[in-house]
1. Would you kindly state the longest site-free stretch of chain A, with sites defined as trypsin sites (Lys or Arg not before Pro) in a DSSP loop (not H, G, I, E, B) surrounded by at most 12 other Cβ atoms within 10 Å?
2. Determine the shielding of peptide A:42-54 by partner chains: average, over its residues, the number of Cβ atoms on other chains within 10 angstrom of each Cβ.
3. I need the chymotrypsin sites (Phe, Trp or Tyr not before Pro) found in the range A:14-110, filtered to DSSP loop residues with at most 16 other beta carbons within 10 Å of theirs.
4. Once both labels are modelled 7 Å past Cα along the beta-carbon direction, what's the A:Y31-A:Y76 spacing in nm?
5. To one decimal place, what orientation-averaged projected area in nm² is obtained for the convex hull of the Cα set of the protein assembly as shown?
6. Work out which residues of the range B:81-114 lose at minimum 20 square angstrom of accessible surface when the other protein chains are put back, relative to the chain isolated, with a 1.4 angstrom probe, and list them by number.
7. Which of the GluC sites (Glu not before Pro) found in the range B:41-90 are in a DSSP loop and have at most 15 neighbouring Cβ atoms, other than their own, within 10 Å?
8. Report in % the part of the accessible area of chain B that belongs to carbon and sulfur, leaving out ligands and nucleic acids; probe 1.4 Å.
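The values are calculated or read from the model by the stated rules, or taken from the named source; none is laboratory data. Please read all numbers here as calculations on a predicted model, not as lab measurements. Neighbour counts run over all protein chains shown; Cβ positions are idealised from the backbone, glycine included. Remember, those area values only see protein heavy atoms, side chains included, never the ligands or the DNA or RNA. Shrake-Rupley method; radii C 1.70, N 1.55, O 1.52, S 1.80 Å.
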Amino acid sequence: KQEVTQIPAALSVPEGENLVLNCSFTDSAIYNLQWFRQDPGKGLTSLLLIQSSQREQTSGRLNASLDKSSGRSTLYIAASQPGDSATYLCATADGQNFVFGPGTRLSVLP
Amino acid sequence: GAVVSQHPSWVICKSGTSVKIECRSLDFQATTMFWYRQFPKQSLMLMATSNEGSKATYEQGVEKDKFLINHASLTLSTLTVTSAHPEDSSFYICSGQDRSNSPLHFGNGTRLTVT
């Protein structure tokens with residue numbers, strides 16, 4: 001059974017810092033991995049999706065990497081801004097089976 | 001990008017009444033809809049998976065007679081919480097997928113409070 005963990009559980013950084021969020025999964029037989037952002041009281045917004053055959057995806061200040069063999073993905077946020085404050089969740093996918101991590105709560109201080 | 005519209009965004013109801021939550025995919029065909037429940041500061045808990053035109057598949061521990069899911073079209077799925085009780089108060093979120101292994105697109109969630 002797939003298990004997804006995220007470290008750290010919470011992170012507080014000053015504005016402008018580059019930061020890395022970590023996602024680990026136990027079963028490498030995934031089809032893709034998706035990173036989401038969730039603002040308080042809201043649904044999830046998709047940030048990046050990495051197919052199992054890919055190593056990384058980039059969108060603006062965000063870069064996500066995937067190492068299937070080691071069961072790890074990282075989300076790199078460059079030049080963080082207060083507007084980046086949210087909970088970030090990763091989710092592995094295999095067909096219709098999605099497994100979500102518990103999330104990392106990020107606070108970017110002005 | 002693909003949009004899922006979820007309504008209502010919040011609802012307060014009295015114990016014993018039923019509440020219907022709607023999710024519509026606006027610019028894609030949601031062959032599959034997933035319904036989640038989320039408790040404060042916790043991750044998503046999958047309640048059921050619904051494929052268009054078929055009966056929903058419920059996760060273990062989720063009462064199918066209490067949480068009625070309808071997915072009669074490729075753009076609309078509904079979750080009805082029947083005979084709601086205070087312990088049903090939670091944040092409910094839907095997500096749609098147009099085909100297997102494609103990205104998930106989420107609604108904005110519904111905050112249900114049962115008094």
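1. Numbers: sites that count: A:K1, A:R55.
Counting only loop sites that pass the neighbour cut-off, the longest clear stretch is A:56-110.
2. Details: counts 7, 17, 11, 4, 7, 0, 1, 4, 0, 1, 1, 0, 0.
The shielding value for this peptide is 4.
3. Numbers: sites: A:F25, A:Y31, A:W35, A:F36, A:Y76, A:Y88, A:F98, A:F100; in loops: A:Y31.
Here the chymotrypsin sites (Phe, Trp or Tyr not before Pro) that fit, given the DSSP loop and packing criteria, are A:Y31.
4. If labels sit at A:Y31 and A:Y76, their model points lie 2.9 nm apart.
5. Working: hull surface 48.2 nm².
Mean shadow area of the hull around the Cα atoms is 12.1 nm².
6. In the range B:81-114, residues shielded by partner chains: B:F91, B:Q97, B:S100, B:N101, B:P103, B:L104, B:F106, B:N108.
7. Details: sites: B:E52, B:E59, B:E63, B:E87; in loops: B:E52, B:E59, B:E63.
Listed in order of number, the matching sites are B:E59, B:E63.
8. On the way: 2880 of 5690 Å².
Ligands and nucleic acids excluded, carbon and sulfur reach 51 percent.
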